[in-house]
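Derivation of every value follows stated rules applied to the coordinates shown; laboratory data play no part. Computed from a prediction, not measured in an experiment: that's the story for all the values here. For neighbour counting, all protein chains shown are included, and Cβ atoms are generated from backbone atoms with ideal geometry for every residue, glycine included.
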Amino acid sequence: MNQERIRLLIAASGTGGHLFPAIALAEQLSDYQIEWLGVPNRLETQLVPSQYRLHTIPVAGFQERFGLGTLRIAWQLVSSIWQVRQLLKTRKFHGVFTTGGYIASPAILAARSLGLPIILHEANALPGKVTRYLGPLCSAVAVGFQPAGDRLPRLHTSYVGTPVRDRFRTPQKLELPIPENVPLIVVTGGSQGAVAINNLVRQCAPAWFEAGAWIVHLTGENDPEAGSLSHPQYLVMPFYDNMAGLFQRANLAISRAGAMSLTELAVTQTPAILIPYPYAAEDHQSYNARVFAEAGAGLVFRQAELTPELLESQVLKLLKSPELLAQMAEGADKIAIADSAEQLAAVVHKSILDFSQKR
């Protein structure tokens, strides 16, 4: 098959954790003709680069108790499978790539019905339901953390890490008014922010300021107290575009434990205090955080057990020990796969070529 003619449909939707790895992969497959499958009014309508044609389908996850809502979602799924099947046929795609989530189900089932190759990437250490149930229908399953492969004994998986955007792999200039010689703490709750973490940090911040630290606090857009703290060493904003530069400059991050955030922290070798989101599906963020902790790259605390006093003291202990922070950075480097995008691109290409040769 001539690579210039390979047409790939990428099904990735909803959150940065699903979208950013897919975008990083797409950048590696520059010779492919790539189109995108998403959901109306989700993050992909803003993040998917304009060079990729975006198709949307109305599909949702089965989150409600059985009732009329469940029936409506089931009908949407059936309708979406038919729509994706027609799209794959009329646009003559050679394969489908997906990062999971509920957009993956119609994409996988439609592609399977047509006998097309399907490549699935699972970023979390605890494989999600789509991976567990539909992974056997896929031509290839790649995982971001080794424990995910261990938890899928019936599948042949490829451990490739999770792709990050190129900017995380090259030095970035940080255009914020932060002195060069001061310790910097970055606080982020992920794309939606984390009010519980924000409240803890605001209570601890005075002691960290006294120790000479600066704080960049990304609160998200849903924190009513976001403007309640003011200090010359404190920069607060809902979000910040240059996360690569921020993590590269940070001495320490305080973060949730989404797979994408952890991958970015690992690639930038940023020590972290991790507070897994307690309501994440199947508590998967705790499994992600465990990988970081076992590598010596971070400390993990459950939100319900973390007091302001404990967080304050743990951060001060780390700031006073450059040697410990250096050891944590080395631990992060050990679990980072800097060329993950290239490795995943190779898996995709091999799967499609193998399929074409068997036809």
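For the reader, a short list of remarks on this structure follows.
- Mean-position separation - Cα centroids, region 214-283 and region 111-169, in angstrom: 26 Å
- Between region 295-359 and region 1-58, the alpha-carbon centres lie 24 Å apart.
- As a rough footprinting exposure proxy, the listed residues PHE145, PHE355, PHE97 were ranked by other beta carbons within 10 Å of their own, and the order from fewest upward is PHE355, PHE145, PHE97.
- About the centre of its Cα atoms, the chain shows a dipole size close to 1620 debye [charges on the beta carbon of Lys, Arg (+1) and Asp, Glu (-1) only; nearest 20 debye].
- Take every pair of alpha-carbon atoms less than 8 Å apart whose residues are at least six positions apart; their mean separation over the length of the chain yields a relative contact order of 16 percent.
- When each of LYS358, LYS129, LYS317 is scored by the number of other beta-carbon atoms lying within 10 Å, the sequence from fewest to most is LYS358, LYS317, LYS129.
- Between THR98, THR90, THR263, the residue with the greatest mean-square fluctuation in the GNM of the chain (Cα pairs under 10 Å linked by springs) is THR90.
- Cα-based shape type of region 124-229, given that a ≥ b ≥ c are square roots of the gyration tensor eigenvalues and the cut on a/c is 1.5: prolate
- Within a Gaussian network of the chain (alpha carbon springs, distance under 10 Å), most fluctuating of GLU210, GLU305, GLU323: GLU305
- Remark: the ARG5-LYS173 segment gains 56.7 nm on full extension, using 0.36 nm per residue and subtracting the alpha carbon distance.
- Cα gyration tensor shape of region 168-335, rounded if a/c is under 1.5, else prolate or oblate by comparing a/b with b/c: rounded
- Among LEU306, HIS284, LEU316 the positive-end extreme of the charge dipole of region 268-359 (Cβ point charges): HIS284
- Choice from THR131, THR99, THR45 with maximal GNM fluctuation in the chain (Cα, 10 Å cutoff): THR45
- Here the sum of -39500 (n - 2.57) over DSSP H runs of 4 or more residues, divided by the residues of the chain, equals -12500 deg cm²/dmol at 222 nm, to the nearest 500.
- When peptides 196-209, 243-256 are ranked by their average number of other Cβ atoms within 10 Å per residue, the highest-first order is 243-256, 196-209.
- Length-normalised contact order of region 168-335 in % [C-alpha pairs under 8 Å, at least 6 apart]: 23 percent
- Among complete DSSP H helices in the chain, those whose alpha-carbon atoms stretch at least 15 Å along the helix's long axis and whose mean Kyte-Doolittle hydropathy reaches 0.0 are 16-28, 68-90, 195-210, 308-319, 340-358.
- A simple spin-label model places the labels of LEU324 and GLU27 3.5 nm from each other, with each point 7 Å out along Cα-to-Cβ.
- Shown is the FRET efficiency for MET237 and LYS350, computed with R0 = 30 Å from the Cβ-Cβ distance and rounded to the nearest 0.05: 0.10.
- Dipole-positive endmost among SER230, MET260, ILE275 within region 168-335 (Cβ charges, Cα centre): MET260
- ALA207-GLU342 FRET efficiency (beta carbon distance; Förster radius 45 Å; 0.05 resolution): 0.55
- For a label point 7 Å along the Cα-to-beta-carbon line of LYS334, residues of region 120-154 with backbone N under 16 Å: 146-147
- Residue list for region 104-146, given a label point 7 angstrom along the Cα-to-Cβ vector of GLU294 and an amide N cut-off under 13 Å: 125-127, 145-146
- In the chain, lysine pairs with alpha-carbon atoms under 30 angstrom apart (chain gap of 8 or more, or interchain): 16
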